[in-house]
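The structure under discussion appears below in the form of structure tokens.
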Amino acid sequence: MDNEVHDLIGVGIGPFNLSLAALLEDLYEVKSIFFDKKSHFEWHPGMLIVGTRLQVPFMADLVTLADPTNQYSFLNYLAKENRLYPFYFLQRLDIPRREYNDYCQWVANELENCLFGKKVVGLEYIQQEEIFLVKVQDIHTKETMNYKGRNLVLGTGSVPVIPESMKGLPAEDVFHTSEFLDRQKRCREAKSITVIGSGQSAAEVFRELLKEQMDHHYRLNWITRSRSFLSMEESKLSVEQFSPDYVNYFYQFSQEQKDKIFASQDLLYKGISSHTITDIYNLLYEHSVSGEEVDVRLQVLTEVKGIQAKGNEYEILCNQWQQNKEFIHESEVVIVGTGYRPYIPEFIENIKTYIHWDDQGRYRVEADYRLRLDIPNQIYVHSGISHSHGVGSTNLGLAVHRNKVIINHLTGREVFPIYDKNVFQNFDAETF
């Protein structure tokens, strides 16, 4: 038992909690500790494909939008790694996804309040002391230790979604895009590959497979139920919806209204970046030079209804929903880009009765990112809040702002200033 009572215990160390840990390091009034079951920081390791870029500018690092002078800024990382001049000559705001992961690893290795290889396996609330008791297991030694905390912050992220019809099939043949790099060798050995889905991850996997097709000679297919392979909305005024101003505007609506608004905003986060689409088209064009047959098929307006094994391949039952025509497509490898869902850890069950839930089993979340609770302590939350805080909830560009709000509430003072106006446009009629 660690008898010291922490002001804040963090569960999960992804970019959001890592940002919070970095901003708290020099704030001596807050005793914090963060745990993650991974042995070291990893950010979507199966999708760290060479050539993929972060979808936000580098200023959306772990600290800059709160404190540009902070030692854990991306620019300071570049300086420490002697990469400032190469980045200067790169002349880009976006950075390679692999470099963002490397930057986060650098920060994680510097922070004493971040402990990796530590899995939270239990959680209790001790009413007499008004504290949380967090049971943590070392993934290597299997030893457990209890930690006390007045407040919690959950950064438990999301998990890949696999359609029911595709579960139970061999994982080396049918897998989620999140496992792509781990299965890339298998792809290179296949005679045919089908990618399902039309989001950014599916597009990046398809692009990588298309790059290597001439060398490995597999048949390559891409299926989406969308009406087209749609571009993500990236215009300057549109992306102002990823701002604190829009978060505040969105939060004021009823839950029914929020769900309707969120459902209409899919191209803000579900589409494909324009540079990725351009890369894919350029590759398709290159493949067609000299009249060569392009062994690639792109099928839109088509929903996958099921999949079953047939010899060394898989039969995919498809329905072109606009024509209402069903057909069978065969493929040796199937890669599904069907997104992610918020992960609510099992240990939450022990304190579930203290938490308010909506009629769809989602957290009820206050404006300042606290769960609505029946106890005086606080549980701040980073994941599973799109229904309450809108389209920017998973956007790295809003991570630091969220942590500013959390830190100010936790300390009861304005550690970081919060501004009412951050963008050019108005969303609320009362502010016009």
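The values are calculated or read from the model by the stated rules, or taken from the named source; none is laboratory data. Because the structure is a prediction, the values reported are computed rather than measured. Cβ sites come from the backbone with ideal geometry, for glycine too, and all protein chains shown count toward neighbours.
Counting the residues of region 248-266 that are over 21 Å from the mean Cα position of the chain (by Cα), hydroxyl-bearing (Ser, Thr, Tyr) and surrounded by fewer than 14 Cβ atoms within 10 Å (Cβ to Cβ) gives 1. Contact map, region 191-209: residues that are without any contact (Cβ under 8 Å) to a residue 40 or more places away in the chain paired with residues that are in a helix (DSSP H, G or I) and surrounded by fewer than 24 Cβ atoms within 10 Å (Cβ to Cβ), Cβ distance under 7 Å, separation 6+ or inter-chain. Pairs shown: Leu209/Cys187. Annotation for region 1-14: no member residue is in the same structural domain as Asn395 (by TED's automatic domain parsing), without any contact (Cβ under 8 Å) to a residue 60 or more places away in the chain and surrounded by fewer than 18 Cβ atoms within 10 Å (Cβ to Cβ).
May I ask you to list the residues in region 71-97 that are over 10 Å from Phe58 (Cβ atoms), in contact (Cβ under 8 Å) with a residue 40 or more places away in the chain and either of a type in the set (D, E, K, R) or in contact with a Cys (Cβ under 9 Å, 6 or more places away or on another chain) (or both)? Residue satisfying the conditions is Arg97 alone. Of note, Asp182 satisfies the criterion of being loosely packed, with under 15 Cβ neighbours inside 10 Å and touching a helix residue (DSSP H, G or I) at 6+ places or on another chain (Cβ under 6 Å).
Here Gly311 fulfils each of the conditions (1) within 27 Å of the chain's Cα centre (by Cα); (2) closer than 30 Å to Lys167 by Cβ; (3) at pLDDT below 95 apart from (1). Counting only strands (runs of 3 or more DSSP E) that fall entirely inside region 290-402 and contain at least 3 residues that are within 28 Å of Lys185 (Cβ to Cβ), the qualifying elements are 296-299, 302-310, 313-320, 325-331, 333-336. Filtering region 154-185 to residues that are in a loop (DSSP other than H, G, I, E, B) and of a type in the set (D, E, K, R) leaves Lys167, Glu172, Asp173. Restricting the first member to region 368-384 and to residues that are surrounded by fewer than 22 Cβ atoms within 10 Å (Cβ to Cβ), and the second to residues that are among the acidic types (Asp, Glu) and at pLDDT 95 or above, the beta-carbon pairs closer than 8 Å and six or more apart or on different chains are Arg372/Glu366; Ile375/Glu130; Pro376/Glu130; Asn377/Glu130. Can you tell me which residues in region 208-247 are surrounded by 21 or more Cβ atoms within 10 Å (Cβ to Cβ) and within 18 Å of Gly339 (Cβ to Cβ)? The answer is Trp222, Ile223, Thr224, Met232.
Of all residues assigned to region 97-107, none qualifies as being under 20 Å from Ile375 (Cα atoms) and in the same structural domain as Leu410 (by TED's automatic domain parsing).
Looking at the structure I just gave you, is Val405 within 17 Å of Ile13 (Cα to Cα) and surrounded by 12 or more Cβ atoms within 10 Å (Cβ to Cβ)? No: the conditions fail for Val405.
For every residue, the table says whether it meets (1) among the β-branched types (Val, Ile, Thr); (2) in contact with a Leu (Cβ under 8 Å, 6 or more places away or on another chain); (3) closer than 30 Å to Arg53 by Cβ; (4) loosely packed, with under 13 Cβ neighbours inside 10 Å.
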{"residue": "Leu268", "(1), (2), (3), (4)": "no, no, yes, no"}
{"residue": "Leu283", "(1), (2), (3), (4)": "no, yes, yes, no"}
{"residue": "Val289", "(1), (2), (3), (4)": "yes, no, yes, yes"}
{"residue": "Ala309", "(1), (2), (3), (4)": "no, yes, no, yes"}
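The residues listed here are Leu220, Leu284, Leu237, Leu298; of these, the one that is among the hydrophobic types (A, V, I, L, M, F, W, C) and either assigned by TED's automatic domain parsing to the domain that holds Gly390 or in contact with an Asp or Glu (Cβ under 8 Å, 6 or more places away or on another chain) (or both) is Leu220. Note on region 130-153: residues that are in contact (Cβ under 8 Å) with a residue 12 or more places away in the chain and either outside the structural domain of Met47 (by TED's automatic domain parsing) or in a loop (DSSP other than H, G, I, E, B) (or both) amount to 4.
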